Structures are given as structure tokens and as C-alpha cells.
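To start, the structure itself, in C-alpha cells.
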Amino acid sequence: MTQIIDGTTGTVPASWTTAGRPATPSTGQFGYNTTLNYLEIWNGTAWIPVGDQASFYSIDYLVVAGGGGGGNTAAGGGAGGAGGFISTTDSYIYTGTAYSATVGAGGAGGSSDPYTGVSGGNSVFNSTTSTGGGGGTPVTATGLSGGSGGGGGNTQSGGAGTSGQGFAGGSGSTNLGNGYETAGGGGGASAVGSNGTNTGSAATSRGGNGGAGTAWLNGTTYAGGGGGGNNVLANVSAGLGGAGGGGNGGIRGATNGTNGTANTGGGGGGGGDSGNSSGNGGSGVVIVRYLGSQRGTGGTITSSGGYTYHTFTSSGTYTA
């Protein structure tokens with residue numbers, strides 16, 4: 001409904017957010033989109049900006065932040081949480097305008113006292129900010145919060161994830177005094193990290209698995225949490241990294257925590273002992289895609305399924 005402004009001939013149209021657009025619009029219905037900051041009209045098929053249509057086109061984009069580094073300690077280190085995962089579809093941009101793409105770095109694994117993993121760096125595109133994954137922590141601390149939360153060390157809780165971006169990290173195992181301490185897995189874009197388990201048996205106590213990531217429109221999965229560390233000597237299994245680039249946890253006296261995969265935002269695996277290192281988080285990524293042949297510049301340009309993709313594995317500029 002429009003409103004006549006006294007003393008002028010102007011009107012104030014209806015307004016809505018992108019998420020709150022009319023569910024069953026009529027052709028020709030228009031209003032002001034407060035999310036995108038422009039007037040838009042329903043053309044019978046899609047919402048398009050009001051104005052010179054040659055100056056706009058629609059893109060989908062993905063913003064994944066850097067994953068958190070795994071923690072380490074003499075009692076099993078919590079895994080790094082995945083970087084925040086934000087997917088935006090049907091967003092209109094101005095032809096010829098430059099848009100900055102910032103790709104967050106992965107956080108370093110904890111390598112010295114207090115052995116807490118460093119949280120990942122934020123990634124940014126088109127005013128959308130994805131939060132870096134929370135670092136994993138040692139036996140004495142709760143996992144750090146982030147896009148997805150880092151795993152907690154033995155007896156400690158995992159860190160919180162960010163709503164709409166990722167999930168919480170898992171908790172460390174309950175300490176039964178038997179030396180089978182294990183740590184929580186890092187949260188992922190689609191699931192919480194698993195808790196570490198202390199079953200009373202060296203054969204079955206293990207660090208928690210990382211939470212699973214999320215598949216994007218290109219079919220690739222991003223933002224998996226790291227696996228928790230395992231302080232059980234000679235144990236043959238540790239927490240596994242979540243699908244989407246999460247690193248595996250380490251085992252005391254046997255293996256190191258592994259790094260999250262670069263440009264997935266995967267969390268780093270937790271260390272099994274201060275004598276074995278924890279993994280670094282994987283760096284983030286920004287991807288822009290649109291239907292049809294190449295229109296913009298910037299990033300690594302590929303095409304698939306009728307779409308053109310611009311992939312930023314490091315910070316740069318997309319010019320529409």
C-alpha cells in the first residue's frame with residue numbers, strides 16, 4: 001500500500017527484506033527492498049531492480065571464512081571449528097562497479113602454552129561478513145566461539161557457532177582418572193562437532209569427529225570441522241575431520257593433528273599431546289557465479305552448467 005506525503009506528489013511504497021518478500025506477488029507489484037537498498041518489481045518470474053535494467057544483473061555468491069586452528073595439550077586438544085558459511089542467491093549488482101572480496105586466513109594450531117588454537121579470519125563480500133571458525137582449546141578451557149565453534153579439551157565444553165553460519169563444537173570427554181582423555185570435534189556448517197568419548201577402554205576411547213560442512217551450488221562441500229585429539233597411547237583411531245575440509249585429530253605419541261584443507265574453511269585437527277602438533281585451519285574462499293557467459297572480472301574464472309564462476313582463493317576485487 002502506498003502513502004501520499006502531504007505537501008508533495010511523492011509516495012512511500014511498501015517495503016520488505018529479501019527474506020520477507022511477498023509470498024505470492026502479482027506481476028507489476030513493486031516495493032523497496034531494505035536488505036538490498038533498492039526498489040524492485042515482480043516481472044512475473046523474478047524480483048528485478050527498478051531502473052535501467054542494463055545496469056544490473058543477478059549473482060549468487062558464497063562467503064566462507066577461515067577455519068580455526070586445533071588446540072593442543074598433554075590431555076588431548078580440541079579441534080578447530082569451521083569458518084562461517086554464508087550463501088546468498090539472486091542478489092543484483094551494478095555493472096562496472098568494483099566489489100572487494102576478502103578471504104580470511106586459517107588460524108594457526110596451538111603450538112605453545114596455553115596451546116589454544118587461533119580462530120580463523122573473517123571473509124567478506126558485498127557487505128556480507130562470514131565469521132572465522134573458533135580455535136580449539138586444551139584441557140583447561142572451553143572451545144572458542146566462531147562461525148562454527150572450536151572443540152573443547154578434556155572435560156571442557158565446545159565453543160558456540162554463529163546463527164546462520166555454523167554449529168557448536170563438541171565437548172571433551174569426562175575424566176574418569178584412567179588417562180584416556182579425549183577432546184571434542186570442531187563444529188561444521190551443517191552439524192555440531194561430536195563429543196570426545198572416554199569409555200574406560202584404550203581401544204574405544206577417541207576424540208570427537210568434526211561436524212559436517214555444507215555443499216554449495218557448484219557441488220563442492222565447504223566448512224567441515226576438525227577432529228578432536230586423542231590422549232590415548234597407541235590408540236589406532238582419532239577424531240575424523242568433517243566433510244568439507246576438516247583436518248583429522250592427532251594421537252598421543254603417534255600422529256599429529258592435520259591441517260584443514262586450504263580454501264574450504266575447514267577446521268584444524270586437535271593435537272593428541274604437547275609432543276605432537278595440532279593442525280592449522282584451512283583458509284576461506286569467496287565464489288561469485290551468474291548465468292551465462294562472462295560479464296565480470298576478478299578471481300579464477302571457470303564455467304560449468306551454463307554458469308560463469310569467479311573463485312577468490314585470496315583477497316581481490318570483483319568488477320561487475
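Numerical summary
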read-out	value
Rel. contact order, % - alpha carbon contacts under 8 angstrom, at least six apart, the chain	17 percent
Stretchable slack from T11 to I301, in nm (0.36 nm times residue separation minus alpha-carbon distance)	100.1 nm
Order of L217, L36 - criterion: other Cβ atoms within 10 Å of each residue's Cβ, fewest first	L217, L36
Residues V12, V139, sorted so that the one with the fewest Cβ neighbours within 10 Å comes first	V12, V139
Segment 163-220: relative contact order as a whole-number percent, Cα under 8 Å and 6+ apart	33 percent
Proportion of all alpha-carbon pairs of segment 146-279 beyond 17 Å (%)	47 percent
For the chain, alpha-carbon Rg over 2.2 N^0.38 Å	1.15
Candidates A79, A101, A254: whichever shows maximal mean-square fluctuation once the chain is modelled as a Gaussian network with Cα springs under 10 Å	A254
Of N209, N33, N263, the one that fluctuates the most in a GNM where the chain has Cα springs shorter than 10 Å	N33
Shape metrics for segment 129-203, restricted to C-alpha atoms - Rg then Dmax, Å	12.3, 44
Likely footprinting exposure, L62, L291, fewest C-beta neighbours within 10 Å first	L291, L62
Theoretical gain in end-to-end length, T45 to S58 [0.36 nm per residue, Cα-Cα removed]	3.3 nm
Projected-area average for segment 50-128 over all orientations - Cα convex hull basis, square nanometres	6.1 nm²
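The numbers here are math on the coordinates, done by the rules we state, and not lab data. Since we're looking at a predicted model, the values are computed, not measured. Glycine gets a Cβ as well: all are built from the backbone with ideal geometry, and neighbour counts include every protein chain shown.
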